[in-house]
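The values are calculated or read from the model by the stated rules, or taken from the named source; none is laboratory data. Source: prediction; values computed, not measured. Glycine gets a Cβ as well: all are built from the backbone with ideal geometry, and neighbour counts include every protein chain shown. When the accessible area is computed, the model is the full protein with side chains, heavy atoms only, and any ligands, DNA or RNA have been set aside. Shrake-Rupley method; radii C 1.70, N 1.55, O 1.52, S 1.80 Å.
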Amino acid sequence: MPVSLWLSFLQPAPNHSGTLVDLLLRASPIAKAVLIILLLFSIYSWAIILTKWLWFKRAESATAKFLKRFHGGAKITELYSNIESFEQSPAARVFIAGYEEITNQIDETGGQMRSLDALARELQSATIAEVTNMERSLTWLATTANASPFIGLFGTVVGIIIAFQGLTAATVSSIQAVAPGIAEALIATAAGIAAAVPAAIFYNHFLNRLKAMTSTLDRFSLELINLIERRYIKAKV
């Protein structure tokens, strides 16, 4: 490599303040539309990321406290009377659905459980409702992760086409004639990747936390059914 080229790396970079802004202002209407779309995708994705992060944090903390109380041997009537302190726990909401089914059966039969299968179905229905609530808005993150790179690539292709069309009208055919247009076009690719990467990372992250919470709810439902079977059915045989 020539010494002059090495020396060029050591020289301070020229001041290009406002260069990126100038490129965006000179961008074609299609490029501006692509960048606006990607910006909206990114803003909405980050809103979902922050909301879901806080939701899962509160839900996991409340569920851990609720299960600690449940496994500590507390009576289900005591748990139900203090359920408001665990209102952010999906497991507590599943418990409420199960407890109401239990009380309905006991009231109808005069103190005995009529059907564990009905209780199991009610718990399963409540679990499905909680999982559906947890999955809400995650599809947008998946859509952003999958679609944003292609939207950015579309803007890049259109920008390069426009740049080379301008080259045909230029008096001097050189890289300097198309460099600004190509740089403008590549911004769309960078914007697409910038929108897609966080969405993909946090989608997989939240999906793992959702699977863990679903397993917790399924396990809790089985434990509650076993508890009811021991206390309200076998004890009366």
Answer yes or no as to whether residue 112 is farther than 18 Å from residue 223 by Cβ and surrounded by 17 or more Cβ atoms within 10 Å (Cβ to Cβ). no
For region 58-75, pairs from a residue that is touching a residue at least 60 places away in the same chain (Cβ under 8 Å) and open to solvent by less than 60 Å² (accessible area, probe 1.4 Å) to a residue that is assigned to a loop (DSSP other than H, G, I, E, B) and of a type outside the set (D, E, K, R), with Cβ under 6 Å and 6 or more apart or across chains, are 59/88; 63/89
Yes/no for residue 157 being modelled with pLDDT of 90 or more, among the hydrophobic types (A, V, I, L, M, F, W, C) and part of a helix (DSSP H, G or I): no
Go through (1) assigned to a helix (DSSP H, G or I); (2) more than 17 Å from residue 227 (Cβ to Cβ); (3) touching a Lys or Arg at 6+ places or on another chain (Cβ under 7 Å) for residue 31 and report which single condition fails. (3)
I need the full set of residues from region 183-222 which are under 21 Å from residue 76 (Cα atoms), open to solvent by 60 Å² or more (accessible area, probe 1.4 Å) and touching a residue at least 12 places away in the same chain (Cβ under 8 Å), in order please. 218
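What are the residues in region 85-108 that are of a type outside the set (Gly, Ala, Ser) and open to solvent by 60 Å² or more (accessible area, probe 1.4 Å), if any?
Across region 85-108, the qualifying residues are 87, 88, 93, 100, 104, 107, 108.
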How about region 133-161: which of its residues are of a type in the set (Val, Ile, Thr), closer than 30 Å to residue 217 by Cβ and either open to solvent by 10 Å² or more (accessible area, probe 1.4 Å) or touching a His at 6+ places or on another chain (Cβ under 6 Å) (or both)? 139, 143
Restrict the check to region 44-51 and report whether at least one residue is modelled with pLDDT under 85 and either within 30 Å of residue 131 (Cβ to Cβ) or of a type in the set (Gly, Ala, Ser) (or both). no
